[in-house]
Amino acid sequence: MRRITLPLLFALAAAPAFAKEPAPSHDPRAAFAESDENKDNRVDREEFHHRVVEIFFHGDGDKDGYMTREELIATVVFPEDFKGADRDGDGRQEVFTAGRLGVHAHSLGKDGTWKRTEIAKGNPAPYPDGGASEIGTGFVNKARFYATVEPFHGNMVVVYRQDGQGQWQRHVIDTELSNGHSLVVADVDGDGTHEIVASGTRGGKHV
């Protein structure tokens, strides 16, 4: 269950547990502590379900069973979550995609046209064994990095960092995923450096 709850808890970190309580800080550790009701250092299925129900019930201001865009933003969306997505610093977030043909950033120009820029080719093996299937971006010492699962639904976690010439260098940091299907980049411990959480759907090792 842990491989399912961790990425979602990051997204729900700052949502209030009760309507009259102030919203806690955007801190995954605080969210975990609030959700771990029996204090056994894990969030089980019932605790996770309770957390989600509480968040969306109290976010639904008019209690009509639906959340408007404004209610959703006020409840579970935080501007700091998307700072890393502004790749070129123009104030607009890019869309990142990963597939068998590589990792790309998609930018919407002021003229309304989209531009696709290759970040990396992913796993260098020939098609269809190359490329990547997940992409996340974060910062270490204020320097951007990209993290991927490679190849497509593969076994590797890979980090790309720029060298002194501005080229993105590929570093394989894990080769033990099994059918990698999810990757989240988040500052888990609040120290300003992003961590990587990756998971697979098969085998004994998932996170």
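Please count how many residues of the range 88-99 are part of a loop (DSSP other than H, G, I, E, B) and open to solvent by less than 40 Å² (accessible area, probe 1.4 Å).
1
For the condition more than 15 Å from ALA198 (Cα to Cα), at pLDDT below 90 and either of a type in the set (Gly, Ala, Ser) or touching a Phe, Trp or Tyr at 6+ places or on another chain (Cβ under 7 Å) (or both), what is the one hit in GLY131, GLY99, GLY122, GLY84?
Within the list GLY131, GLY99, GLY122, GLY84, the selection yields GLY84.
Do we find a residue being without any contact (Cβ under 8 Å) to a residue 40 or more places away in the chain, within 30 Å of ALA33 (Cα to Cα), part of a loop (DSSP other than H, G, I, E, B) and within 18 Å of the chain's Cα centre (by Cα) anywhere in the range 132-140?
The answer is no; no qualifying residue exists.
If you go through the range 27-56 one residue at a time, how many are farther than 27 Å from GLU195 by Cα and surrounded by fewer than 13 Cβ atoms within 10 Å (Cβ to Cβ)?
So the count comes out to 1.
Between a first residue in the range 159-179 that is more than 19 Å from GLY138 (Cα to Cα) and a second residue that is loosely packed, with under 11 Cβ neighbours inside 10 Å, which pairs have beta carbons less than 8 Å apart while being 6 or more apart in sequence or on different chains?
Close Cβ pairs satisfying both conditions: SER178/GLY204.
Going through the range 176-207 one residue at a time, which ones are open to solvent by 60 Å² or more (accessible area, probe 1.4 Å) and closer than 15 Å to GLU134 by Cα?
HIS181, THR201, VAL207 - these are the residues of the range 176-207 that are open to solvent by 60 Å² or more (accessible area, probe 1.4 Å) and closer than 15 Å to GLU134 by Cα.
Take VAL149 and decide whether it is among the aliphatic types (A, V, I, L, M) and within 29 Å of ALA30 (Cα to Cα).
So VAL149 passes the test.
So the check is Cβ under 8 Å with 6+ separation or different chains; which pairs have a first residue in the range 141-154 that's under 15 Å from LYS121 (Cβ atoms) and a second one that's among the basic types (Lys, Arg) and buried (at least 20 other Cβ atoms within 10 Å of the Cβ)?
Pairs found: none.
If I ask for residues that are within 16 Å of ARG170 (Cβ to Cβ), hydrophobic (A, V, I, L, M, F, W, C) and open to solvent by less than 30 Å² (accessible area, probe 1.4 Å), which ones from the range 100-138 would you list?
Of everything in the range 100-138, those that are within 16 Å of ARG170 (Cβ to Cβ), hydrophobic (A, V, I, L, M, F, W, C) and open to solvent by less than 30 Å² (accessible area, probe 1.4 Å) turn out to be VAL103, ILE119, ALA120, ALA132.
In the range 142-174, what residues are in a loop (DSSP other than H, G, I, E, B), touching a Gly at 6+ places or on another chain (Cβ under 9 Å) and open to solvent by 40 Å² or more (accessible area, probe 1.4 Å)?
LYS142, PHE152, HIS153, ASN155
The values are calculated or read from the model by the stated rules, or taken from the named source; none is laboratory data. If you're wondering where the values come from, they're calculated on a predicted model, not measured in any experiment. Here Cβ is always computed from backbone atoms with ideal geometry, including for glycine, and neighbour counts include all displayed protein chains. Only protein heavy atoms, including side chains, enter the accessible area calculation; ligands, DNA and RNA are left aside. Shrake-Rupley method; radii C 1.70, N 1.55, O 1.52, S 1.80 Å.
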